[in-house]
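Colleague: One structure follows; several queries about it will come next.
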Amino acid sequence: MEWLQVRDVLAGDGAGEKACIRGWIHRKRQSKKIAFLVVRDGTDVIQTTVRAGTEPFPEAEKVTIESSVEVEGTVHADARAPGGKELRVEKLRIIGLSDTFPITRDQSTELLMDLRHLWVRSVPMNRVMRLRAAVFQASREYFDTMGFVEVHPPMFITAACEGGSTLFKVPYFGKKAYLTQSSQFYLEALITGLERVYCVAPSFRAEKSRTTRHLTEFWHIEAEEAFCGLEGTMRTQEDLVAHICQTIATRFPEELQAMGRDPEVIAGVKAPFERISYDKSIDILQGRGVDIPWGADLGTKEERELTMEFEQPFFVYHYPAEAKAFYHRLDPEDSSKVLCADMLAPEGHGEIVGGGERTWTIEEIMSRINEEELDTTDYEWYLDLRRYGGVPHAGFGLGAARLIKWICGMEHIRDALPFPRTMNRIYP
Ligand code: 4AD
Ligand code: MG
């Protein structure tokens, strides 16, 4: 007998055809006459019914929520059943009888985090995981179509990309080593052979901030392009994000709705995105009563306030040099600013992408390193990229969980991935 998936059973005629499925007991309800077992597999859930007096009834009485089972029966259309079909059971085999499942309705967030290894099988989590997979798939689709080559940089590194304060140190055979905060420097090395590259990899930040948007480990979608400037990378970024949004809105309208998100909002995301200068963003913020001096980077609070004015993602460009990392190229027309941009998601979500043009001549990068009082010995190989055929180039990093948090209208970033890592969460 061939195993069917629930999705295919639901798509059938429901005219009494045979079906064998396997999965887990999602719900159970029982009277003296009949047992209703809702079975879940990797595709959907289906109601199965077992009548008293039939051979499988004793097993149906015994089976517990989340037990794994094999079920054989006939499919009948039934408007009362979820999905419009029910499977009338002829054979039921318990593969693994579950202990009393510790998750019931209305559990606290803390408990669901402690039991994350069990909670990931829930319908809401499965929904997010499927949508998340599509975000990565759509990203690759976009990059591959545009001639970017996927590359695989290392996660053990020796030089900070985003400043020393959020580096995780790791013991490495007596040498100094860290977990990478961004693959950017390695992508910069790889463009010299490949011109346009991207990677999908974890990044790590020893973030001591307990916000709704900071993880200590996050999946980072990063890209780098040779012969490209700030405007060029902003175009790549907005095309990428628009493509992801179109894909999700088309493929997941029901899932978005189930999360309380209007799919039309996501379907409406189209390039080009609005661009506002850092200076203008400070004016807007001050106009809204936020006390922020010129020169400071925008933090969680400022971005929340600023993005309330917008319905679509937008860029903030030309940040003050003092607010950003040393690798950003100074604006030749105003050296107090750098040629960078952050993409901010609307409705309070804030930064989802950071990127811009890189300092690419040896003279410029040396002067930035000296200004920031960094140790050049840490950056020798990075400097070589400027010594041996440097070219203007630009790139960006997109935080996948940040993007998903906004697309799905989530309050907390932890809901955007199966096993979130934060300052106070490393188990399970
Ligand atoms: O703005 P960031 O720090 O920029 C970089 O790392 C660049 N080197 C990227 C590049 O140009 N290749 O980080 C980029 C993005 C942010 O916009 C945000 O979406 C995400 O990474 N991110 C985080 N996501 C979750 N938790 C954190 N702690 C994050 N820190 C950054
Ligand atoms: Mg940033």
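The values are calculated or read from the model by the stated rules, or taken from the named source; none is laboratory data. These numbers were taken from a predicted model, which means no experiment stands behind them. Here the Cβ positions follow ideal geometry from the backbone for every residue, glycine too, while neighbour counts run over all protein chains shown. These area figures cover heavy atoms from the full protein model, side chains too; ligands, DNA and RNA do not enter into them. Shrake-Rupley method; radii C 1.70, N 1.55, O 1.52, S 1.80 Å.
Colleague: So how exposed is Glu363, as accessible area in Å² (1.4 Å probe, rounded to 10)?
Modeller: Probe radius 1.4 Å; accessible area of Glu363 about 130 Å².
Colleague: Leaving out ligands, DNA and RNA, what percent of the accessible area of the chain is carbon and sulfur, probe 1.4 Å?
Modeller: 51
Colleague: With all protein chains present and a 1.4 Å probe, how do Leu383, Leu167 order by accessible area, largest first? List each step's numbers first, then the result.
Modeller: Details: Leu383 0, Leu167 30 Å².
Sorted by accessible area, descending: Leu167, Leu383.
Colleague: Can you list residues from other chains, or at least 5 along the same chain, whose modelled amide H is less than 5 Å from the amide H of Glu150?
Modeller: For Glu150, whose amide H was placed from the backbone, the distant partners under 5 Å are Tyr198.
Colleague: Which far-off residues, 5 or more places away or on another chain, put their amide H under 5 Å from the one on Arg329, with H placed in the peptide plane?
Modeller: Long-range HN contacts for Arg329: Leu339, Glu357, Arg358, Thr359.
Colleague: Please list Thr250, Thr49, Thr300 from largest to smallest accessible area, probe radius 1.4 Å, with all protein chains kept in place.
Modeller: On the way: Thr250 105, Thr49 5, Thr300 35 Å².
The ranking, largest first, comes out as Thr250, Thr300, Thr49.
Colleague: Right, another one. Just the accessible area per residue of the chain, please: how many Å² with a 1.4 Å probe? Kindly include the intermediate steps, with their values, before the conclusion.
Modeller: Numbers: 20140 Å² over 428 residues.
Dividing the accessible area of the chain by its residue count gives 47 Å².
Colleague: List the residues, sorted by chain then number, that are 5 or more residues from His26 or on another chain and whose placed amide H is less than 5 Å from its amide H.
Modeller: HN-HN under 5 Å from His26: Val38, Val39, Arg40, Glu66.
Colleague: In percent, how large is the relative contact order of the chain, given Cα pairs closer than 8 Å and 6 or more residues apart? Don't skip to the answer; put the middle values down first.
Modeller: Details: 838 pairs, mean separation 55.9, N = 428.
This gives 13 percent for the chain.
Colleague: Could I ask something else about it? Can you list the aspartates and glutamates whose alpha carbon sits under 19 Å from that of Lys33, skipping same-chain ones fewer than 8 residues off?
Modeller: Here the aspartates and glutamates satisfying the reach criterion relative to Lys33 are Glu55, Glu59, Glu61, Asp78, Glu86, Glu90.
Colleague: In addition: Sort all Cα-Cα distances of the range 308-410 into consecutive 5 angstrom bins from zero, then give the percent of pairs in each bin up to the one containing the longest distance.
Modeller: That works out to 2, 12, 20, 18, 16, 12, 9, 7, 3, 0, in percent per bin.
Colleague: I want to check a number: in the range 219-345, how many lysine pairs have alpha carbons closer than 19 Å, given a sequence separation of 8 or more or different chains?
Modeller: Details: Lys280/Lys301; Lys280/Lys324; Lys280/Lys337; Lys301/Lys324; Lys324/Lys337.
Here the count comes out as 5.
Colleague: Spelling out what I want: for every residue of the range 262-270, take phi, set θ = phi - 60°, compute 6.51 cos²θ - 1.76 cosθ + 1.60 (Karplus), and round to whole Hz; glycine and proline get x.
Modeller: Values, residue by residue: 6, x, 4, 4, 6, 4, x, 7, 9 Hz.
Colleague: Still on this structure: Using the Karplus curve 6.51 cos²θ - 1.76 cosθ + 1.60 with θ = phi - 60°, what ³J(HN,Hα) values do you get for each residue of the range 337-354, in whole Hz, with x for Gly and Pro?
Modeller: 10, 10, 7, 10, 8, 10, 9, 10, 8, x, 6, x, 6, x, 3, 10, 9, x
Colleague: Sticking with this structure for a sec: Can you find, among Ser335, Trp381, Ala296, the residue farthest towards the positive end of the dipole of the range 292-428? Put +1 on the C-beta of Lys and Arg, -1 on that of Asp and Glu.
Modeller: Trp381
Colleague: Please check: in the Gaussian network model of the chain (C-alpha springs, under 10 Å), which one of His318, His243, His117 has the largest mean-square fluctuation.
Modeller: It is His117.
Colleague: Ordered by residue, what ³J(HN,Hα) values in Hz, to whole numbers, does the range 300-315 give under the Karplus form 6.51 cos²θ - 1.76 cosθ + 1.60, where θ = phi - 60° and Gly and Pro are x?
Modeller: Values, residue by residue: 3, 5, 5, 5, 4, 5, 4, 6, 4, 7, 10, 10, 10, x, 8, 9 Hz.
Colleague: Also: Show Tyr427, Tyr186 ordered by accessible area, largest first, where the area counts protein heavy atoms only and the probe is 1.4 Å.
Modeller: On the way: Tyr427 155, Tyr186 55 Å².
Largest accessible area first, the residues go Tyr427, Tyr186.
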